[in-house]
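Throughout, read-outs are computed from the coordinates displayed, never taken from laboratory work. None of the values given here were measured: they were computed from a predicted structure. Note: ideal-geometry Cβ built from the backbone for every residue, glycine included; neighbour counts use all protein chains shown.
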Amino acid sequence: MKEQNITKNITSPQVTLEALQRDFAHCFDKDGDFDIEKFKREIAGAEVNFSKESYGMDWLGKSYARVRATDPATTLLKEDVAWNSKEENKNSENLLIKGDNLEVLKHLSNAYHEQIKMIYIDPPYNTGTDGFVYEDDRKFTPEEFAELAGVDLEQAKRILDFVDSKSNSHSAWLSFMYPRLYIARQLLKDDGVIFVSIDDNEVAQLKILMNEVFGETNFIAHLIWKNKKGGGNDSKYIAIEHESILVFAKSKNDLERLFHRYTDEYKKRYKEEDEDGLFFWDTFKRKSGKQYYSIKCPDGSTLEKDEFGNPISWLRSESTFKKDLKRGEIRIVKIGDQWSVQFKQRLPEGKKPRSILDSFGTTSDGSDECFDLFKKHIFSNPKPTSLISHMLDIVSESNDIILDFFGGSGTTADAVMRLNTEDSGSRKFLVVQISEKIDPIKNKVAYDFVKSELKIKEPNIFDITKERLVRAAKKIKEEHKDSEHIASVDFGFKIFETVPQWDGYVDEPTEYDNNLKIFDVAKLKDNDIATLLTTWKTYDSIPLTTSLTEVDLGGYTGYYNDNKLYLVHAGFTAKHLTALLKMIDTDTTFSPATIIIFGYHFDSARMRELAENVKSYANKKSIDIECITRY
């Protein structure tokens, strides 16, 4: 029987270490330390050059940021059952998650590992007036942190003092961003792309940070978005009328097909088709250079000089021209009284997107969109859907998952629904928004709206994000009510939120035994067990939108999906074990390769009995079943 304390140890996968341990196990010594010199010798013949000089970024708090990227989550994931059971939401694959995005990313890191096609985020810009300060609820003692970060005690104290200072310095902002980007990279598919909006305050720091996290070779572009008409008062000397968007890939290896797109209007010119695809006859180009030669026309005349009597230099060499003419890629036809040389212009992969975004809406357009939905100005300078739609159009395909973990005004989700409506797509959005109370003085309009119209006692930004998605879906459906495929578009969304782990929950499973129960399991309610299941299934790589199937084991309810069976309730007896073994043999849809047991609801004798019987039972499906006790 294998024991796990997963509930207290949910972390993002250590993919780099796992890859090294898998492929270069012999480069680790008996203590688990990596022998870099042995590794170098191992790949010496692979023409890999090790950089002797490097350029990077260091800041106060970087070691803390690295620890936060890989330390355990301190929360559980809870489902909003009432909301998710609504008709419009129960089958939806869209997600809106309430909670600190670093915690949420850690929870998503298994179920959505390498599943996200596009990430767009609009993080705090750290302008000094946007309210950003670095606050972190995770508490380490200096001794704990010194050991985790590999620093001495004095340095650990200095770093922890910095973390507690609620700073808005560059170092504080970088410490905030690093762990989130680190996990975000793991969520991207191999051909995934991340877009990050930023302004001049942190763009230089962000570029170097993303070089470090994603790799300098995976930098795609620095886009300039004209976000204002006529500029603004952001600068004393220059009217600033733009923001930046940094674009990085998970890997550039498979991006060309994504970044070369063509519009339907562009495609219309390609009216002819042969076995090699669409084309149109285009005029054979002339160029300045030294490729001078005469071209013989069907009537015996030649083309070798232009209308001014100058020799013609052709686009292709004479040998290439003759080959193309022979295989039908070039033709010579008479138009009017002139001979024209034409070639088959093939449909290319498309036109490259441009780095200057001056026709994809402004913040004023974003404000107008929100006003149109709420009839009041609730958000300050939100992004327009046209901007996000442009990014979606560049890299996303029909059934991709789109992630935005700084959800804010909900523009990304709105844009996904709109684009799906326009191109019959089935993209899914995954939006995260922190539970942030609305200040009744600083943002009175938003506060009053949530309090008075939404009837919520403690107004929260999340409530507005949620309402934006509901109203945007309704508006899109009204605007496209006559569309043939409107009924197939997913306008619903499921809601989950992070909640604190239970008080008194043990730190190690070895602390638990029948005689000394540190944790009072009796205080757990049905909804607590449901939250535990949601958290566990996500850790076990089952998506949040996938429901566990209830299975009846002779009056005891288990939960099953993806060859995993969860036994979390108390009261499991020999009768239920017999029913379980019978179901494995007789139910063709039931093949649990792993049985996961909530240790607090099973005494040690019952756990041993279950594990031994399952292991020794010669089931008819010949399934090798593993039993895991989890706390």
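The table below lists the values:
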| read-out | value |
| --- | --- |
| Cα gyration tensor shape of the range 264-346, rounded if a/c is under 1.5, else prolate or oblate by comparing a/b with b/c | prolate |
| Net charge over other residues, Cβ less than 10 angstrom from the Cβ of Asp137 (K, R count +1; D, E count -1) | -2 |
| Under 5 Å, built H, 5+ apart or other chain: amide partners of Leu553 | Gly558 |
| Nearby lysines by direct alpha-carbon distance to Lys575 (threshold 18 angstrom, same-chain neighbours under 8 apart not counted) | Lys615 |
| CD proxy at 222 nm, helix term only [per DSSP H run n ≥ 4: -39500 (n - 2.57); per residue of the chain; nearest 500] | -9500 deg cm²/dmol |
| The range 350-378 residues near the modelled Asp448 label - backbone nitrogen below 11 Å, point 7 Å along Cα→Cβ | 377 |
| For the chain, fraction of C-alpha pairs farther apart than 50 Å, in % | 26 percent |
| Gain upon complete extension [Lys236, Ser435; 0.36 nm per residue less C-alpha separation] | 68.1 nm |
| Rounded tilt (10° steps) of 153-163 against the dominant C-alpha axis of the chain | 70 degrees |
| Cα centroid separation, the range 420-491 to the range 94-112 (Å) | 19 Å |
| The chain: antiparallel DSSP beta bridges as a percent of all, rounded to 5 | 60 percent |
| HN-Hα J in Hz across the range 381-389 - Karplus 6.51, -1.76, 1.60, θ = phi - 60°, x for Gly and Pro | 6, x, 6, x, 5, 4, 5, 5, 4 |
| Size descriptor, Kirkwood hydrodynamic radius, that averages inverse alpha-carbon separations across the range 503-630, Å | 15.4 Å |
| Proximal lysines to Lys157, defined as alpha-carbon separation beneath 18 angstrom and excluding residues fewer than eight positions away on the same chain | Lys62, Lys139, Lys166 |
| Net charge contributed by nearby residues that have their C-beta within less than 12 Å of Asp490 (K/R +1, D/E -1) | +3 |
| Crossing angle, helix 604-616 versus the chain [Cα axis fit, 0-90 degrees, rounded to tens] | 50 degrees |
| Relative exposure of Trp225, Trp281, judged by other C-beta atoms within 10 Å (fewest first) | Trp281, Trp225 |
| In nm, spacing of pseudo-spin labels at Asp33 and Ala530 (7 Å Cα→C-beta vector) | 5.1 nm |
| Residue pairs, from the table Lys226/Lys451; Lys451/Lys494; Lys86/Lys455; Lys428/Lys523; Lys229/Lys437, whose Cα atoms sit over 30 Å apart | Lys226/Lys451; Lys428/Lys523; Lys229/Lys437 |
